[in-house]
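S.K.: Questions regarding the structure given below will be posed in turn.
Bear in mind these aren't lab numbers, they're just calculated from the coordinates by the rules spelled out. Predicted model only: the values in this text are computed from it and were never measured. Glycine also receives a Cβ, built like all others from the backbone with ideal geometry; neighbour counts cover every protein chain displayed.
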Amino acid sequence: MITALTLSPLLAQVGSGRIQGGWEYIWAAYIIAWASLSLYALSLWLRRPGQASHDSKE
Amino acid sequence: MSDLLKTVLQVGSAVAALASVGLGVWLGVKWAPPRSRVNARPVLLGMAALALALLVLGNWMGLVWTPSEREMGDVYRIIYVHVPAMWMAMLALVVNFACCVGYLLKTSWKTDALAEATAEVGLLFGTYGLVLGAIWGKPTWGTYWDWDPRLTAMAIMLVTYVAYMALRRFVEDPEKRAVWSSVVGIISFVNLPIVWFSVKWWRSLHQVQSTPKTVDPDMTLALRVNAWASLILLTLFLLHRYRTALATREAEVALPEALPTDVPGPNRASEVA
Amino acid sequence: MRGARPISLLKTVGVLLAKDLLIEWRTRARLNALIFFALATLLLFSFAVGPDTKVLARNAGGYLWLALLFASVLALGESFRVEQENLTLDGLRLAPADARAIFLSKAMGNALLLMLLGALLIPVMVALYGVTVTMGLGSFAATVTLGCMAISAPGTVYSAIASNARARDVLLPLLLFPLIIPALLAAAKATSLVLQGDPMNQLGSWYGLLIGFNLIYWGLGFLLFPRVIED
């Protein structure tokens with residue numbers, strides 16, 4: 001009951017009762033997710049200990 | 001997809017993820033400390049491949065295989081990346097809280113390093129999860145930002161942990177940094193439920209329904225595969241970040257014998273699990 | 001040792017609080033500057049929003065609390081800088097004063113300072129924004145007290161941390177502002193209700209939130225502060 005009540009203004013906004021299309025948002029979301037994950041992986045790779053820090057520091 | 005295959009996928013992804021977490025904890029103990037002799041390359045590569053395979057499979061299921069939702073159409077497919085990201089952010093911050101409490105109870109560089117790792121990785125997942133939430137808002141609410149309680153509380157949480165990371169940057173003495181950031185971490189985590197309730201009350205005038213209530217079992221399966229894949233990724237990220245943090249800590253503290261680094265015992269394992 | 005001498009803890013708090021208030025009184029030039037800073041903030045809001053009295057009156061509660069929050073950042077930053085200048089914090093710890101007593105006295109001192117500031121700002125706000133106080137002064141005083149206490153407890157812990165870090169002037173607001181959002185929300189809402197009347201009986205729940213916030217952060221500060229200033 002409550003769900004139907006709270007959804008009704010939303011549905012009125014949407015018009016047909018079902019959001020059509022919107023694939024550009026989906027692609028944007030998936031691309032952002034993959035980009036942030038791979039960029040972070042790259043940053044972890046660049047910060048990996050062992051090459052310079054092992055002998056030169058201190 | 002047959003029912004048998006679905007069951008295999010359901011159980012298999014869960015087992016793979018939980019096994020990866022177990023391996024991650026083991027590697028965290030054996031491989032992450034500086035000058036470790038353990039050759040972790042095959043295990044790490046295997047875990048990364050597993051995570052990638054599950055992630056690709058989960059994304060394919062989310063984008064293609066699952067039916068479109070009754071009210072949200074196709075747009076709801078964003079939850080397959082948005083919701084796991086938020087879960088992982090929460091999980092990382094819970095571990096962060098455990099580390100902060102653990103450090104104050106028992107001083108150890110490992111706990112401090114894990115706290116640093118969890119805060120950063122939690123911020124990563126939280127940030128892109130928040131961006132995805134805002135993107136989802138555009139087609140469903142008509143605007144990117146509707147002061148929805150969840151998004152608002154999440155945004156406040158992110159600012160809180162950005163401040164936590166800034167504090168870690170701004171304090172040079174490693175011991176003071178560890179103690180102070182533990183205090184700030186505890187206070188920040190305790191604040192999360194308060195923020196949640198206050199924002200909910202504040203917005204109580206027009207609450208927006210932000211999750212679809214009609215859930216197909218296939219949708220749950222796709223969501224689970226994505227979530228388990230994210231869990232493996234989280235483990236890998238945490239593991240590498242933890243290793244970096246340990247190495248940094250060792251370089252910062254000039255006197256190795258004064259370090260409480262090699263505290264034997266299961267303190268780390270218990271906090272990861 | 002812990003909790004064995006509650007009387008002496010309270011006594012220490014009293015002595016330290018008296019010391020802080022005395023310092024505050026002897027350096028009243030700083031206090032005056034703080035008051036004028038808060039007044040100027042209040043004035044600037046009316047310039048930023050424009051001379052529309054209706055908008056100003058409707059948002060008066062929010063502006064009051066923002067002015068108090070900005071002033072509190074300055075006041076909190078000062079409260080440990082004073083100690084650092086002469087290394088008195090080390091002296092206090094060697095005395096030996098219970099670290100929890102130091103927290104309680106500092107937080108109470110800051111809360112008193114903010115309450116004084118609030119008491120001075122409210123008449124100015126009433127005049128400047130043309131608001132009418134619908135509910136009594138009692139609920140106004142309760143709101144200000146609860147809100148100021150809510151700012152000062154986490155603020156004291158964080159200013160003790162930030163005063164020793166690099167970039168402390170940026171760090172304190174960065175740490176404090178996101179934390180204080182629930183209290184700010186509740187205090188501003190409660191103030192608006194006090195000003196405009198409370199037909200829906202919502203004031204109680206905002207007070208509840210403020211009281212809960214206070215209990216949690218005074219408790220946490222009491223527990224954690226000794227670790228912050230230990231060496």
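S.K.: Quick one: what does P(r) look like for chain B with 10 Å bins over all Cα pairs, in whole %?
M.R.: For chain B, the binned pair fractions read 6, 27, 31, 23, 11, 2, 0 percent.
S.K.: Sticking with this structure for a sec: Treat every Asp and Glu Cβ in the protein assembly as shown as -1 and every Lys and Arg Cβ as +1, leave all other atoms uncharged, and give the resulting dipole magnitude about the Cα centre to the nearest 20 debye.
M.R.: For this selection, approximately 360 debye.
S.K.: Can I ask one more? Give the calculated FRET efficiency between B:Val190 and B:Val162 to the nearest 0.05, with a Förster radius of 22 Å applied to their Cβ-Cβ distance.
M.R.: 0.80
S.K.: Round to the nearest 0.05 the FRET efficiency obtained for C:Phe70 and B:Ser36 when R0 = 30 Å and r is the Cβ-Cβ distance.
M.R.: It comes to 0.05.
S.K.: For a quick check: with amide H placed at 1.01 Å from N, whose amide H comes under 5 Å from B:Gly73's, ignoring anything fewer than 5 positions away on the same chain?
M.R.: For B:Gly73, whose amide H was placed from the backbone, the distant partners under 5 Å are A:Ile19.
S.K.: In nm, to one decimal, how far is the B:Asp216 label point from the B:Glu175 one, both placed 7 Å along Cα→Cβ?
M.R.: So the two model labels end up 6.0 nm from each other.
S.K.: Residues of B:185-198, mean number of Cβ from any other protein chain within 10 Å of their own Cβ, rounded to a whole number?
M.R.: 5
S.K.: Using only atoms on other chains, find how many Cβ atoms lie within 10 Å of each Cβ of peptide B:73-80 and report the average.
M.R.: Numbers: counts 9, 8, 9, 3, 7, 7, 1, 4.
Per residue, the number of nearby Cβ atoms from other chains is 6 on average.
S.K.: Compute the distance in nm between two label points, each set 7 Å from the Cα along the Cα-to-Cβ direction, one at C:Val133 and one at C:Ala119.
M.R.: Distance between label points: 1.2 nm.
S.K.: Show which lysines lie in cross-link reach of C:Lys106 when reach means a straight Cα distance below 19 angstrom and same-chain residues fewer than eight apart are skipped.
M.R.: C:Lys11, C:Lys19
S.K.: Could you give the dipole magnitude of region B:3-272 about its Cα centre, charging the beta-carbon of Lys and Arg +1 and that of Asp and Glu -1, in debye to the nearest 20? Present the calculation step by step, with values, prior to reporting the outcome.
M.R.: Numbers: 23 positive and 19 negative charges, 42 e Å.
Computed charge dipole of region B:3-272: roughly 200 debye.
S.K.: Further, regarding this structure: Roughly what % of Cα-Cα distances in the protein assembly as shown sit above 33 Å, to the whole percent?
M.R.: Pairs farther apart than 33 Å: 51 percent.
S.K.: Here's something else I'd like to know. Of C:Gly77, C:Tyr217, B:Val8, whose Cα points farthest to the positive end of the dipole of the protein assembly as shown (charges on the beta-carbon: +1 Lys, Arg; -1 Asp, Glu; origin at the Cα centre)?
M.R.: Of C:Gly77, C:Tyr217, B:Val8, it is C:Tyr217.
S.K.: Among B:Val162, B:Tyr103, B:Met86, pick out the residue whose Cα is farthest towards the positive end of the charge dipole of region B:15-169, where Lys and Arg carry +1 and Asp and Glu carry -1 on C-beta, about the Cα centre.
M.R.: Of the candidates, B:Tyr103 comes out farthest on the positive side.
S.K.: So if a site counts as exposed when it's one of the chymotrypsin sites (Phe, Trp or Tyr not before Pro), its DSSP state isn't H, G, I, E or B, and it has at most 14 other Cβ atoms within 10 Å, what's the longest stretch of chain B without one?
M.R.: With chymotrypsin sites (Phe, Trp or Tyr not before Pro) excluded where exposed in loops, chain B gives B:1-143 as its longest stretch.
S.K.: Quick one: grab the alpha carbon gyration tensor of chain C, order the square roots of its eigenvalues as a ≥ b ≥ c, and give me rounded if a/c is under 1.5, else prolate or oblate depending on whether a/b is larger than b/c.
M.R.: Prolate, since a/c reaches 1.5 and a/b exceeds b/c.
S.K.: OK, next. For the protein assembly as shown, with the dipole built from +1 on Lys and Arg beta-carbon atoms and -1 on Asp and Glu ones, taken about the Cα centre, which of B:Pro193, B:Ala251, C:Leu64 lies farthest toward the positive end?
M.R.: Among B:Pro193, B:Ala251, C:Leu64, the one farthest towards the positive end of the dipole of the protein assembly as shown is B:Ala251.
S.K.: Please state, as a whole number in µm²/s, the translational diffusion coefficient that the Stokes-Einstein equation yields for region C:98-231 at 25 °C and 0.890 mPa s, with Rh defined as the Kirkwood radius across alpha carbon pairs.
M.R.: The Stokes-Einstein estimate is 156 µm²/s.
S.K.: Still on this model: If you plug each phi of region C:76-81 into the Karplus form 6.51 cos²θ - 1.76 cosθ + 1.60 with θ = phi - 60°, what whole-Hz ³J(HN,Hα) values come out, in order, with x for Gly and Pro?
M.R.: Per residue, the Karplus-derived 3J(HN,Hα) values read 5, x, 5, 5, 9, 5 Hz.
S.K.: Any idea what the dipole of region C:6-229 comes to, in debye rounded to 20, about its Cα centre with Lys/Arg Cβ at +1 and Asp/Glu Cβ at -1?
M.R.: Around 160 debye, computed over region C:6-229.
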